[in-house]
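Asker: One structure, as structure tokens, below. Some questions next.
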Amino acid sequence: MIVAKFGGTSVADAAAIGRLIGIVRSRAADGPVVVVSALARVTDGLLALAPVVHAGNSAALDAAIAALVDRHAAAARELPGATLALPAIAEDAAALRRELAAALGRMLRPAELDALAGRGELWSSRLVAAALEAAGLAATWVDIRPMMVTDDRHGRATPYMQALGDRARECLRPLVDGGRVPVTQGFIGATVDGAPTTLGRGGSDFTAALLGAVLDVERVEIWTDVNGLMTADPRIVPSARTLRAASYEEAAELATFGAKVLHPATAQPLVRSGIPIIVLNSTRPEDPGTTIEPSAELERMGDSPVRSISWKPGITVVNVRAPRMLGAFGFLRAMFEVFERHEVVVDVLASGEVSVSLTVEDRTRLDAVVRDLAELGEVWVEDHRAIIAVVGIGIRSTPGLAARLFRAVQPANVEVISQGASAINMTFVVREEDGPDVVRRLHQEFFGSC
Ligand code: ASP
Ligand code: MG
């Protein structure tokens, strides 16, 4: 058995779904469980309805829902047999319309936002199941929500592995054993009481890994629109190369610090079993992609242990200086309590005796955080920053690497430097506008230009 997950661009339209059919057919003997994302940009489109509902604009709401349904209809019309999925999609869209109409003029509650955001996966999976079936592959549409039981942290829910394992084995195994291809949704789940939840943006990869772990599959394939993990974002560095292999740890670091290819938590459910994740390009299915394994044979990409450089714009740096805490206990605890209380995630941290700099991505609760931090000392915030992460096993134990790195980065100003507890990355912060240039310089330094 394998899990094959197709991201938004790999189900974006009829042509993409046509390629998906070919890929699934080529894996038929492996017993594939197919997991799909929403069609590209549909989740964004759905979430964009929330402010429309709040504004009470019912005409705009109807038009936007109709346009989203139309994307599916247009794809279906070009795929033999896929129009069979359209009544179910239309029915669900009508239900969504009723739910949202009842909320006109107010903000959607977190559970309602999840019910909204998750519609894209429900619709794409209908379409893909019908298209596969019409292509002669015995596909069965499976609603993942009764299996993917989660807590009730809407927007970033945590699944219960035991329930998922029991139910996924009970439901999916017999289908695969009977020669059928289950087609199910990434990203979504439901609470014990059946309220819809989501696993966080980009969470379909995580779904695929969770299913892979509980079904103890041979491999988890992540089908996307690039050739795998790369030495850098090819839009910034055209000469970037694909990594043939990566460790779980490298993949997680790269994902956390900007590489959009994989959700940061993807490898986590597979750590214990060591099941490989293979990132593949659905427009070039014959390419080998990147195999992510616990201890992959790592090829050297240049003359150093550096294997990839990623960047993440849109970062805010929060600096706290508390001279009166010199020699006192509990400064860091007091500071982190503030972040914890407001549920703000901290990415990079650098600290001195009485001052700390750290980065956050989500600004929504930052004002409250800053207000509370001000009780500890002087606080100042710097916006429009980017994190640069230089990743590779053995980076920390290589003499002279830091010197080489910072020399290459000049003349950009480096702000927060962190080597962290992880031996496999060095991260620092630069001004956002300097980010792409810094990535290019580092790529040139460590990998040359070709
Ligand atoms: N469709 C969801 C999103 O856009 C989940 C995913 O694609 O992984 O975030
Ligand atoms: Mg994704």
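The values are calculated or read from the model by the stated rules, or taken from the named source; none is laboratory data. A quick note: this is a predicted structure, and the numbers were derived from the prediction, not measured. As a convention, Cβ positions derive from the backbone with ideal geometry for all residues, glycine included, and neighbour counts pool all protein chains shown. The protein model used for the area step is the full one, side chains on, heavy atoms only, and it has no ligands, DNA or RNA in it. Shrake-Rupley method; radii C 1.70, N 1.55, O 1.52, S 1.80 Å.
Asker: Pairs needed: first member in the stretch 134-157, assigned to a loop (DSSP other than H, G, I, E, B); second member anywhere, open to solvent by 40 Å² or more (accessible area, probe 1.4 Å) and β-branched (Val, Ile, Thr); C-beta distance under 6 Å; at least 6 residues apart or different chains.
Answerer: Final answer for the pair search is Asp151/Thr158.
Asker: Which pairs have Cβ atoms under 9 Å, sit 6 or more apart or on different chains, and link a residue in the stretch 195-213 that is free of Cβ contacts under 8 Å to residues at least 60 places away in the same chain to one that is within 13 Å of ligand 1 (Cβ to nearest atom) and part of a helix (DSSP H, G or I)?
Answerer: Final answer for the pair search is Leu199/Phe206; Leu199/Thr207; Leu199/Leu210.
Asker: Of these, Ala29, Ala48, Ala4, Ala55, which one is within 20 Å of Ile89 (Cα to Cα) and either at pLDDT 95 or above or among the charged types (D, E, K, R) (or both)? Full working, then the answer.
Answerer: Values: Ala29 fails: within 20 Å of Ile89 (Cα to Cα); Ala4 fails: within 20 Å of Ile89 (Cα to Cα); Ala55 fails: within 20 Å of Ile89 (Cα to Cα).
Residue meeting the stated conditions: Ala48.
Asker: Next up: Does at least one position in the stretch 295-307 carry a residue that is touching a residue at least 12 places away in the same chain (Cβ under 8 Å), of a type outside the set (Asp, Glu) and at positive phi?
Answerer: The initial filter retains those residues of the stretch 295-307 that are touching a residue at least 12 places away in the same chain (Cβ under 8 Å), namely 295-299, 301-307.
Then drop every residue that is not of a type outside the set (Asp, Glu), which leaves 295-296, 298, 301-302, 304-307.
Within this subset, residues satisfying the condition of being at positive phi are none.
There is no residue in the stretch 295-307 that is touching a residue at least 12 places away in the same chain (Cβ under 8 Å), of a type outside the set (Asp, Glu) and at positive phi.
Asker: State which residue is most open to solvent (accessible area, probe 1.4 Å) when the search covers only the stretch 335-366 and only residues that are assigned to a strand (DSSP E or B) and of a type in the set (A, V, I, L, M, F, W, C).
Answerer: First, pick out the residues of the stretch 335-366 that are assigned to a strand (DSSP E or B): 346-351, 355-360.
If we keep only those that are of a type in the set (A, V, I, L, M, F, W, C) as well, we get 346, 348-350, 356, 358, 360.
Working: Val346: 41, Val348: 3, Leu349: 71, Ala350: 26, Val356: 3, Leu358: 1, Val360: 0 Å².
The residue in question is Leu349.
Asker: Go through (1) without any contact (Cβ under 8 Å) to a residue 24 or more places away in the chain; (2) more than 25 Å from Pro87 (Cβ to Cβ) one by one and return the number of the condition Ala168 breaks.
Answerer: (1)
Asker: Also, quick follow-up: Here's a check for you: in the stretch 243-269, which residue that is open to solvent by 30 Å² or more (accessible area, probe 1.4 Å) and away from ligand 2 (no atom under 16 Å from the Cβ) is modelled with the lowest pLDDT?
Answerer: Here the answer is Glu253.
Asker: From the list Glu170, Glu250, Glu218, which one is at negative phi and within 16 Å of the chain's Cα centre (by Cα)? Talk me through it step by step, then tell me what you get.
Answerer: Values: Glu170 fails: within 16 Å of the chain's Cα centre (by Cα); Glu218 fails: within 16 Å of the chain's Cα centre (by Cα).
None of the others qualify; the one that does is Glu250.
Asker: Restricting to the stretch 8-39, name every residue that is open to solvent by less than 10 Å² (accessible area, probe 1.4 Å) and within 16 Å of ligand 2 (Cβ to nearest atom).
Answerer: Ser10, Val11, Ala16, Leu20, Val34, Val35, Val36, Ala38, Leu39 - these are the residues of the stretch 8-39 that are open to solvent by less than 10 Å² (accessible area, probe 1.4 Å) and within 16 Å of ligand 2 (Cβ to nearest atom).
Asker: Further question on the same structure: Can you tell which of Val320, Val338, Val356 is touching a residue at least 40 places away in the same chain (Cβ under 8 Å) and closer than 17 Å to Val369 by Cβ? Write out each step before concluding.
Answerer: Details: Val338 fails: touching a residue at least 40 places away in the same chain (Cβ under 8 Å); Val356 fails: touching a residue at least 40 places away in the same chain (Cβ under 8 Å).
Result: Val320 is the single residue among Val320, Val338, Val356 that is touching a residue at least 40 places away in the same chain (Cβ under 8 Å) and closer than 17 Å to Val369 by Cβ.
Asker: Exactly one condition in (1) open to solvent by less than 50 Å² (accessible area, probe 1.4 Å); (2) within 16 Å of ligand 1 (Cβ to nearest atom); (3) under 25 Å from Ser10 (Cα atoms) is not met by Asp225; state its number.
Answerer: Among (1) open to solvent by less than 50 Å² (accessible area, probe 1.4 Å); (2) within 16 Å of ligand 1 (Cβ to nearest atom); (3) under 25 Å from Ser10 (Cα atoms), the lone unmet condition for Asp225 is (1).
Asker: List the pairs whose first member sits in the stretch 2-21 and is within 22 Å of Ala213 (Cα to Cα) and in contact (Cβ under 8 Å) with a residue 24 or more places away in the chain, whose second member is among the aromatic types (Phe, Trp, Tyr) and within 12 Å of ligand 2 (Cβ to nearest atom), and whose Cβ atoms are under 6 Å apart, counting only residues at least 6 apart or on separate chains?
Answerer: Every condition considered, the pairs that remain are Phe6/Trp223.
Asker: To continue, here is another question. Confirm whether Ala131 is surrounded by fewer than 20 Cβ atoms within 10 Å (Cβ to Cβ), within 19 Å of Ser10 (Cβ to Cβ) and in contact (Cβ under 8 Å) with a residue 40 or more places away in the chain.
Answerer: Values: surrounded by fewer than 20 Cβ atoms within 10 Å (Cβ to Cβ): no; within 19 Å of Ser10 (Cβ to Cβ): yes; in contact (Cβ under 8 Å) with a residue 40 or more places away in the chain: yes.
Criteria not met by Ala131.
Asker: How about the stretch 367-379: which of its residues are in contact with a Lys or Arg (Cβ under 8 Å, 6 or more places away or on another chain) and open to solvent by 80 Å² or more (accessible area, probe 1.4 Å)?
Answerer: Glu378
Asker: What do you reckon, is Val317 surrounded by 16 or more Cβ atoms within 10 Å (Cβ to Cβ) and closer than 28 Å to Tyr248 by Cβ? Steps first, please.
Answerer: On the way: surrounded by 16 or more Cβ atoms within 10 Å (Cβ to Cβ): yes; closer than 28 Å to Tyr248 by Cβ: no.
No.
Asker: Taking the stated definitions as given, is Ala103 part of a helix (DSSP H, G or I), of a type in the set (Gly, Ala, Ser) and away from ligand 1 (no atom under 16 Å from the Cβ)? Write out each step before concluding.
Answerer: Numbers: part of a helix (DSSP H, G or I): no; of a type in the set (Gly, Ala, Ser): yes; away from ligand 1 (no atom under 16 Å from the Cβ): yes.
So Ala103 does not fit the description; no.
Asker: Also, I was wondering about something else. Taking the conditions exactly as written (in contact with a Pro (Cβ under 6 Å, 6 or more places away or on another chain) and touching a residue at least 40 places away in the same chain (Cβ under 8 Å)), does Ala190 satisfy them or not? Give the steps one after another, and end with the answer.
Answerer: Working: in contact with a Pro (Cβ under 6 Å, 6 or more places away or on another chain): yes; touching a residue at least 40 places away in the same chain (Cβ under 8 Å): yes.
So Ala190 fits the description; yes.
Asker: When Arg169 is evaluated against the numbered criteria (1) open to solvent by 10 Å² or more (accessible area, probe 1.4 Å); (2) at pLDDT below 95, which criterion, by number, is the only one it fails?
Answerer: Of (1) open to solvent by 10 Å² or more (accessible area, probe 1.4 Å); (2) at pLDDT below 95, only one is false for Arg169: (2).
Asker: Out of the residues in the stretch 117-127 that are within 16 Å of ligand 2 (Cβ to nearest atom) and not in a loop (DSSP other than H, G, I, E, B), which is farthest from Pro182 (Cα to Cα)? I'd like the intermediate steps shown before the answer.
Answerer: Start the filter on the stretch 117-127 by keeping residues that are within 16 Å of ligand 2 (Cβ to nearest atom), which leaves 117-118, 120-121, 124-125.
Then drop every residue that is not not in a loop (DSSP other than H, G, I, E, B), which leaves 117, 120-121, 124-125.
Working: Ala117: 22, Gly120: 18, Glu121: 14, Ser124: 14, Ser125: 10 Å.
My answer is Ala117.
Asker: Then there is this: For residues that are modelled with pLDDT of 90 or more, surrounded by 19 or more Cβ atoms within 10 Å (Cβ to Cβ) and more than 16 Å from ligand 2 (Cβ to nearest atom), tally how many sit in the stretch 270-302.
Answerer: 5
Asker: Please verify whether Val306 is open to solvent by less than 40 Å² (accessible area, probe 1.4 Å), over 21 Å from Asp205 (Cα atoms), in a loop (DSSP other than H, G, I, E, B) and of a type in the set (A, V, I, L, M, F, W, C), treating the condition exactly as stated. Before the answer, list the steps.
Answerer: Working: open to solvent by less than 40 Å² (accessible area, probe 1.4 Å): yes; over 21 Å from Asp205 (Cα atoms): yes; in a loop (DSSP other than H, G, I, E, B): yes; of a type in the set (A, V, I, L, M, F, W, C): yes.
Considered against the rule, which asks whether it is open to solvent by less than 40 Å² (accessible area, probe 1.4 Å), over 21 Å from Asp205 (Cα atoms), in a loop (DSSP other than H, G, I, E, B) and of a type in the set (A, V, I, L, M, F, W, C), Val306 comes out as yes.
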